[in-house]
Structures are given as C-alpha cells and as structure tokens.
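Here is the structure we will look at, set down as structure tokens.
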Amino acid sequence: MSAGATEICAGAPGSAESIERELRAEIAQLAHERDAAAAASAAKSRYLANVSHEIRAPLNAIYGYAQLLERGSGVDPTEAARVIRRSAEHLTDLVDGLLDISLVEHGVMRVASDVVRLSSFLDQIERMFRPAATAKGLAFSVEVRGRLPECVRTDQKRLRQALINLVSNAIKFTPIGFVTLAVGFSGQVATFEVRDSGPGIAAEAQHRIFAPFDRGEQDAGTEGIGLGLPITRAIVQILGGDLDLDSTPGQGSCFRVRLMLPEVAPPREASVQARQKSAPIVGYEGARRKILVMDDDVRQLAFVRQALEDIGFDVATAPDGATALALADARHFDLALLDIAMAGPDGWQTAAALRQRHAESLRIVMLSANAHDRHGPPSGESPHDVFLVKPVEIATLFDTLGTQLNLAWLRADRPDATDAAVLPQPEASRIALPEAAKVRLGALRELLKIGYVRGIEAEIRALEAAAPQAQPLVATLYDCLDRFDLAGLARTIEDY
C-alpha cells in the first residue's frame, strides 16, 4: 500500500475540514432558528400589547355601563344597551380575526360558490373606499385592463374581504399620492393589483409582514392587531390563487392577487322585495313548540330562554348532559339547543344520545363558542342538524329555528313604522355640517348600497367624532341601525 493511500484527502467525508464545515453550517442554522424564534417572540409581544388595548377599550365601556345600570343611575337604559352591544360586536370582530387564522391553520375554512357580477363587485369596492381616500387627499381609482366577464364564480365574501384588507392597508399607509386597484382577466384567470405611492417596504420585511401578529415597524401607533395580511394571503390561497408583493422603499408597493375566476352565465335577478328586512318576529303559527336548551352557564340559559319565550316557545333548560337526557326522556321536545363544553357528557355525546333515542323527530342545533367544532365532533359523525357560533344574533337564532321547525312567523304590523326616525327631519334640525362630516355621509351612502352593517356603524361613529354638533342626527342613525332599518337610515341622510 502506498503512503498516499493512507492519507485522508482533504475535504473527503469524515475529514477534519469536512466536519468543521458541517459544524459551521449547523451553528449557522441554529443561529438562524434562534433569530427567527426571537423575532416571532417579539412580534407576539407587540401583538399582545396591542390586542390588550384593543380589547380593554370596549370592555371598559361594557363594564362601565353595566355598573351604572346596576347602581340605578340616571343613564338611559336604551343608550347603555346600544353601547354594550356595539362594544361586544367590536370584541367579536377581534375574535373573528383570530378565528380566521386558526381555521386556516387547521384547514377547515369552507369556501362558498357564488355567482358574482364582477363590474358591480368592483364598483362597490370603489365606492366603499373613495371617501376615505378623498379625506386623506389621495387619488383613488379602479383600472380595468381589457375585457371583464359579466359574471364569475367565486366566494364573494372571501374575495371582498381580501381586497378590502389590501385597499384599506394601502390607504392607511400612504400619506400622499395615489392608491389604485387594477383588474385584468385572461384565460379564466383574474389579476387584481393594489398599487400605492406609499413609503414602500424593505426587502427584509416583505416576508415578515405576512406573519401573524407582526404589524411591522412602519405602522406603530395605528389600529389593528396584525392579522390583515396573513388572513388575506390565506384567503387567496384557499381560493386557489397567489398573493405576491413588489415593493421598493420610497417608491410604493404593489400587492398582486392572481386566481381562477370561471366565467358563468348571469343568474336571474332576485326579487328586491324578497331581500328587504321584514318586521320583527312576535310569534309563529300553529301549535306551541317545545325547546330543550342545555348550557352550564346560567347567564346563557337565561338569555336564550327569555328570547325564545318572548315569541311563544315552551322552553325547558338543563345545566348538564345528564339532566338534558332525563328531560328528553320524560317529555317530548321539538328541538334541542345544546352547548358543547360541559362537565360529564359533553354536547356531542348528548347530541349523539338524543339522536339515537329520538331519531329525526328531534331537531338538534349546537350553540357553542367552540368554533373549531363547527364541522362536527372528532369522531366524524354528525348527530346535529345545524351549528351556531356564540355570540349569536337573535335574528340568526330565530331564522335557524324557523328553518328547522318549518315555522311560519308572525310579525309585528308596525303601525308606527313611519316614525320620526325615518321621516324627513324638520328644517330646524338640519344643521350645517363640516366638510369632514359630509365625507362620512358619502361613505355611509355607499356602504348602505351593499348593506355592510359593521362598516355603516363605523362610519356613524366617525361622523359623531367629526361633527359633535350633529348628535340628534347621529342618534337617529343609530336608532335606524339598531332596528336594521337601512332604508330609513338612507332616507335620513339623503338631504345632507
């Protein structure tokens, strides 16, 4: 054997040089992972600090008004109830944002299949954001490149949510210049570009802004909890598309969405009358229906019981699964309304037992804060008919019960429907409004056209801040909104 054969070639596997390279690579990888973990920890710390503020503000309003009512002070109970409801809706929005991220991570977000009139859809987006852009002095436009199909099939709510997130971010972070939504369509693929003349995003931050809870450096002091872009990218990917970003610091940004939007034939027009809000439910036709409500929270039981008894249901309540099963064995019920998280038999186990004993003669509705369970229990079986997520609107609860029990609702005749809230205001009450308030009224008109209730409420709040002297008008608008009388709300502002 030659002497050279006994030598280990430099760089060969197992040599000192090779081992040293591997150690350096491993150390570099560990350092990278350490830095990534530290960045994620810092982002979550910023998120927690911000979301704490976002949550405490509405909680303070709820807590404060609840104490005033409890003390029997001179506060108007109706106004207190409105503040509490609006604050609760704000908290719900925060939770919904977190829920969207969680649903995406678990792969359980469902996609609807809607026929969407593309030109009307884009017009709604334009009208929704033009007032906000005008108020900041920005030029806002929607550019259509080439031919667009009349109708496409997609999840309209999700697509709208994605574009709203992108356009609102562009307006929020662009101090001067323009924001443009450009749309093109080719080969059944739509391209949406949201371009702005804002400060741009540094290359090292472009990946990070899509991470949940990270709001970046430039938006310190702005509202939000850092979920808009992560949710938007997740929505686009679920719809089968891609979201890309091109940005240069000092030269603005372009967020580009590409996704398949199959062209379809236009549907028959739905009746406008059928979409209008009906008068409040006061009862139903036929024999009195019996409902079993199970929840281990006495406050939830009291709320649901009162709401159902107000419109004529015979309601029995149970604090746990064992009691619910015993009651269902002792008497007939038409429908069971069940919570999930319970001591002893949980909601799913109780539902399965009720289904086995009573088959389809008992309709089963799950009403739970366990939103992750909305698609059924871990076993994969579905002993229920419908799943409602807490907090639930009473109107949604009534609609569900009506469908499950095939009820014909009795509604208030509303002889007082033409009250002062929807009649033209007296000339003396039509005060001069500042320009900022007129911008808010313009935004209200556009939001009313698409029925975006939460956006409408936000604009009323903005109007209240912009024109404190318009308190009577604001009170009237809130009253219309509380009754979901959007037509009356539109008539109230039409002369301003």
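Scan region 404-439 residue by residue and report those that are outside any loop (DSSP other than H, G, I, E, B) and at pLDDT below 90.
First, the residues of region 404-439 that are outside any loop (DSSP other than H, G, I, E, B): 404-405, 409-411, 427-429, 435-439.
Trp409, Leu410, Arg411, Glu427, Ala428, Ser429, Glu435, Ala436, Ala437, Lys438, Val439, listed by residue number.
Here are Ala190, Ala182, Ala135, Ala162: which of them is closer than 24 Å to Gly455 by Cα, at pLDDT 90 or above and not assigned by TED's automatic domain parsing to the domain that holds Glu446? Before the answer, list the steps.
Working: Ala190 fails: closer than 24 Å to Gly455 by Cα; Ala135 fails: at pLDDT 90 or above; Ala162 fails: at pLDDT 90 or above.
Just one listed residue meets the conditions, Ala182.
Condition (residue is surrounded by 14 or more Cβ atoms within 10 Å (Cβ to Cβ) and among the hydroxyl-bearing types (Ser, Thr, Tyr)) applied to region 342-350: is it met by at least one residue?
yes
Can you pull out the residues in region 386-413 that are more than 22 Å from Arg86 (Cα to Cα), surrounded by 14 or more Cβ atoms within 10 Å (Cβ to Cβ) and of a type in the set (Val, Ile, Thr)?
Val386, Thr400
Looking only at strands (runs of 3 or more DSSP E) that lie completely in region 133-186, which have at least 1 residues being charged (D, E, K, R)? So that I can check it myself, show each step before the final result.
Working: elements: 139-145, 151-154, 178-186.
Ranges flagged: 139-145, 151-154.
Within region 440-489, how many residues are modelled with pLDDT of 75 or more and either of a type in the set (Lys, Arg) or more than 25 Å from the chain's Cα centre (by Cα) (or both)?
Number of matching residues: 13.
The values are calculated or read from the model by the stated rules, or taken from the named source; none is laboratory data. It should be emphasised that the depicted structure is a prediction, and the values quoted were computed from it without experimental measurement. Positions of Cβ are backbone-derived with ideal geometry, glycine not excepted, and every protein chain shown enters the neighbour counts.
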